Amino acid sequence: MLLFPGTKLIGSYAPLKPLLPVEHPAGGYKKLFETVEELSSPITAHVTGRIPVWLRGSLLRCGPGLFEVGSEPFYHLFDGQALLHKFDFKEGHVTYYRRFFSYFKGVEITDNALVNVYPVGEDFYACTETNFITKINTENLETIKKVDVSKYVSVNGVTAHPHIENDGTVYNIGNCFGKNFSLAYNIVRIPPLQADKKDPMTKCEVVVQFPCSDRFKPSYVHSFGLTPNYIVFVETPVKINLLKFLSSWSLWGANYMDCFESNENMGVWMHVADKKKGKYLDIKYRTSPFNLFHHINTYEDNGFLVVDLCTWKGYEFVYNYLYLANLRENWEEVKKNAQKAPQPEVRRYVLPLNIEKADTGKNLITLPNTTATAVLHSDETIWLEPEVIFSGPRQAFEFPQINYTKYSGKPYTYAYGLGLNHFVPDRLCKMNVKTRETWVWQEPDAYPSEPIFVSHPDALEEDDGVVLSIVISPGSGPKPAYLLILSAKDMSEVARAEVEINIPVTFHGLFKRA
């Protein structure tokens, strides 16, 4: 059935059918962008429903928490001072705690690790998208030390979305200076903790290098694809002026967004490397321009790579529309601004790995159950057209999550996402990527965050578990925020843990099992 405004749950709708419009005239979403104070100690949350007995551990989240220094405001969503959040689950009880990063003094904004948290060996690091990552104590949220990745391996920065394999191996990507001082992209591998207990960061190495479409300007990269045998890098037309980028970090008040520009002519280049051999495959995959922040999943299928992406159509940078002044506008103005921005679309691209020149002019994709195409041209480029998995006017399925431990890099069925309505996060979605069946959780004046899937420890099915999301709900009662627990099967509510303080926007995070 269709989801109507005000419905808590729940239903499915036909493939690609847009959601019914939901309005937010009260502007409760503005609370996402308000400065808050850190806590001196954890506070107890009020639980309604029943926390699953097997759900033990900590939900860690990163985001901005300070949006001005004195009378000087920050201007962009990604400029606010990093705040680390933690919800602890123990024996059916929940506590909430948060702290700012202690050493951040408002001078070196490379330190501002507000995007994500990930493990390396036995340690955990908060990160942004520079070469600096911050080692944290996940118990008391204290910062332990700042680590410069470029001291261990040749990169100018690394993404906030590394891949973590089940044995603890970490893969990431960052731009670098390659041959003849031209720019390139290095895939970096950090091994799991070894018997010698030496910090795995000291054993970091480059496993393969991707070429750059522009000798002097790397593309912005936020994530990449990884399968058991291949690495996929999607190079978009959003470019970084590296000289501006490197200098902006050293000057308080420098405009981070001035570092970005668009190449209106390049479209998108997709690159593939053999992961095990560390060899770049010189196959020229090309397609029309889009922005990309998040890969959903990538997997191998009978000589093809299936690459599922959350895209934004066109070459203009989506971040241009994420200035705080825009996001804090009244609802009608928020909608007007979003209508000018690149439009979101979930797409599936299929990349053939075995290329024969005799197939020039033909669609190389022979997989059943996809409308994606890949046509070999006479200049040896392969032009890709996607299969559209989800599309709705200014309705995004973003911040995607899957059952990562068991299905990353493998054929999968379910993806969970944060629904953005004209850039306002107002629903949580589950999508069957095979049938396009979709389930939605939504409440009036409720603004959730990225859904984190946590598998049941004895799960036999892909979607056996729960979905966790921080929700702010400023208009619904005395408790303005809560941690929401949904059944991953049907997105029905299992429990919520309410707190009596506001929680600002968070970007990414993880669940650390006890």
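Please verify whether segment 34-47 includes one or more residues that are part of a loop (DSSP other than H, G, I, E, B), open to solvent by less than 40 Å² (accessible area, probe 1.4 Å), under 19 Å from ARG328 (Cβ atoms) and modelled with pLDDT of 90 or more. Before you say what the answer is, go through the steps one by one.
Initial filter on segment 34-47 (part of a loop (DSSP other than H, G, I, E, B)): 34-42, 45.
Next, only the ones that are open to solvent by less than 40 Å² (accessible area, probe 1.4 Å) stay: 36, 39, 45.
If we keep only those that are under 19 Å from ARG328 (Cβ atoms) as well, we get 36.
Applying the additional criterion that residues be modelled with pLDDT of 90 or more yields 36.
Yes, some residue in segment 34-47 is part of a loop (DSSP other than H, G, I, E, B), open to solvent by less than 40 Å² (accessible area, probe 1.4 Å), under 19 Å from ARG328 (Cβ atoms) and modelled with pLDDT of 90 or more.
Step by step: first the residues of segment 380-400, then only those that are of a type in the set (Asp, Glu) and in contact (Cβ under 8 Å) with a residue 60 or more places away in the chain, then the one that is least open to solvent (accessible area, probe 1.4 Å). Which residue is that?
GLU398
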- Note on the structure: Within segment 477-495, residues being open to solvent by 30 Å² or more (accessible area, probe 1.4 Å) and either among the basic types (Lys, Arg) or in contact with a helix residue (DSSP H, G or I) (Cβ under 9 Å, 6 or more places away or on another chain) (or both) number 2
- Query: Any residue at all in segment 141-152 that is in contact (Cβ under 8 Å) with a residue 40 or more places away in the chain and surrounded by fewer than 16 Cβ atoms within 10 Å (Cβ to Cβ)?
  - Reply: yes
- Message: Contact list please: Cβ distance under 6 Å, first residue in segment 201-213 and within 17 Å of ILE133 (Cβ to Cβ), second residue open to solvent by less than 60 Å² (accessible area, probe 1.4 Å) and modelled with pLDDT under 95, pairs at least six apart or on different chains.
- Response: none
- Residue by residue through segment 433-454, note down the ones that are open to solvent by 20 Å² or more (accessible area, probe 1.4 Å) and not charged (D, E, K, R). THR435, TRP439, PRO444, PHE453
- Task: Could you run through segment 305-336 and say how many residues are among the charged types (D, E, K, R), open to solvent by 30 Å² or more (accessible area, probe 1.4 Å) and within 30 Å of LEU353 (Cβ to Cβ)?
- Result: 1
- If you take the residues in segment 93-104 that are at pLDDT 90 or above and open to solvent by less than 30 Å² (accessible area, probe 1.4 Å), which one is farthest from the chain's Cα centre (by Cα)? VAL94
- Task: Would you mention how many residues in segment 60-79 are in contact with a strand residue (DSSP E or B) (Cβ under 9 Å, 6 or more places away or on another chain) and either surrounded by fewer than 24 Cβ atoms within 10 Å (Cβ to Cβ) or more than 21 Å from SER469 (Cα to Cα) (or both)?
- Result: 9
- Answer residue from segment 165-184, given it is touching a residue at least 60 places away in the same chain (Cβ under 8 Å) and outside any loop (DSSP other than H, G, I, E, B) and is least open to solvent (accessible area, probe 1.4 Å) among those: ILE173
- Members of segment 48-59 that are part of a loop (DSSP other than H, G, I, E, B) and open to solvent by less than 20 Å² (accessible area, probe 1.4 Å): ILE51, LEU55
- Message: Here are the criteria: (1) touching a Leu at 6+ places or on another chain (Cβ under 8 Å); (2) at pLDDT below 95. Tell me which single one VAL346 does not satisfy.
- Response: (2)
- Item | Complete set of residues in segment 122-140 that are open to solvent by 40 Å² or more (accessible area, probe 1.4 Å) and not in a strand (DSSP E or B) | GLU122, ASN137, GLU139, ASN140
- Task: Would you check which residues across segment 48-73 are on the phi > 0 side of the Ramachandran plot and modelled with pLDDT under 95 and list them?
- Result: GLY70
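The values are calculated or read from the model by the stated rules, or taken from the named source; none is laboratory data. The structure displayed is predicted, hence computed values, not measured ones. Backbone-built Cβ (ideal geometry, glycine too); neighbour counts: all protein chains shown. Just so you know, the surface numbers come from the protein's heavy atoms only, side chains and all, with ligands and any DNA or RNA stripped out. Shrake-Rupley method; radii C 1.70, N 1.55, O 1.52, S 1.80 Å.
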